[in-house]
1. Collect the residues in region 1-57 that are of a type in the set (A, V, I, L, M, F, W, C), over 16 Å from residue 100 (Cα atoms) and part of a loop (DSSP other than H, G, I, E, B), keeping them in residue-number order.
2. Consider region 69-101. How many of its residues are farther than 19 Å from residue 34 by Cα and part of a strand (DSSP E or B)?
3. Just the residues that are over 17 Å from residue 44 (Cα atoms) and among the basic types (Lys, Arg), please, taken from region 72-109.
4. Within region 49-85, which residues are in contact with a Ser or Thr (Cβ under 6 Å, 6 or more places away or on another chain) and over 16 Å from residue 15 (Cβ atoms)?
5. Based on what the data block shows, is residue 88 under 27 Å from residue 8 (Cα atoms) and either surrounded by fewer than 17 Cβ atoms within 10 Å (Cβ to Cβ) or of a type outside the set (Lys, Arg) (or both)?
6. Using the structure shown, decide if residue 64 is of a type in the set (Phe, Trp, Tyr), assigned to a helix (DSSP H, G or I), under 16 Å from the mean Cα position of the chain (by Cα) and at pLDDT 95 or above.
7. Restricting the first residue to region 61-80 and requiring it to be touching a residue at least 12 places away in the same chain (Cβ under 8 Å) and closer than 14 Å to residue 99 by Cα, which pairs with a second residue that is of a type in the set (Asp, Glu) and surrounded by 15 or more Cβ atoms within 10 Å (Cβ to Cβ) meet a Cβ separation below 7 Å and a spacing of at least six or different chains?
8. Can you tell me how many residues in region 50-60 are in contact (Cβ under 8 Å) with a residue 40 or more places away in the chain and surrounded by 17 or more Cβ atoms within 10 Å (Cβ to Cβ)?
Amino acid sequence: MKALDDYSASRKQILDYFGCVESWQVLPFDDARDYYWRLEGEGPGRVYFADSEAELDGQYGNYYINEIYTYYHLPKWIYRGAEYTMVVVDTQTDGNKLLKVFTNANERK
């Protein structure tokens, strides 16, 4: 089961990068590194993201909104690293909660 060992090691490496320690609930990662994105609040709040800057600014096309999931077992809900930011989100769809990873260079204020 090398694949399972590799998966566990990779998951730990990603969480260590962000300084995130899981407890009780294990949330899946969502790779959002290609999106342009913007935060509203630090929790509660929202993360807005889109395929392009124009879609993010104009709020059209491939434009999305997720609520910041203020999961009380975590000390914070936004984890900033040197190159990437991980946001704990609630998609408000089918009970899905995710660890969404964005590229810092694509963040817009």
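The values are calculated or read from the model by the stated rules, or taken from the named source; none is laboratory data. These numbers were taken from a predicted model, which means no experiment stands behind them. Ideal geometry is used to build each Cβ from the backbone, glycine not excepted, and the neighbour counts take in all protein chains shown.
1. Once the filter is applied, which keeps residues that are of a type in the set (A, V, I, L, M, F, W, C), over 16 Å from residue 100 (Cα atoms) and part of a loop (DSSP other than H, G, I, E, B), region 1-57 yields 1, 24.
2. Residues in region 69-101 being farther than 19 Å from residue 34 by Cα and part of a strand (DSSP E or B): 2 in total.
3. Scanning region 72-109 gives 108, 109.
4. Answer for region 49-85, where residues must be in contact with a Ser or Thr (Cβ under 6 Å, 6 or more places away or on another chain) and over 16 Å from residue 15 (Cβ atoms): just 66.
5. Yes, satisfied.
6. no
7. 66/90; 67/90; 69/90
8. Number of matching residues: 1.
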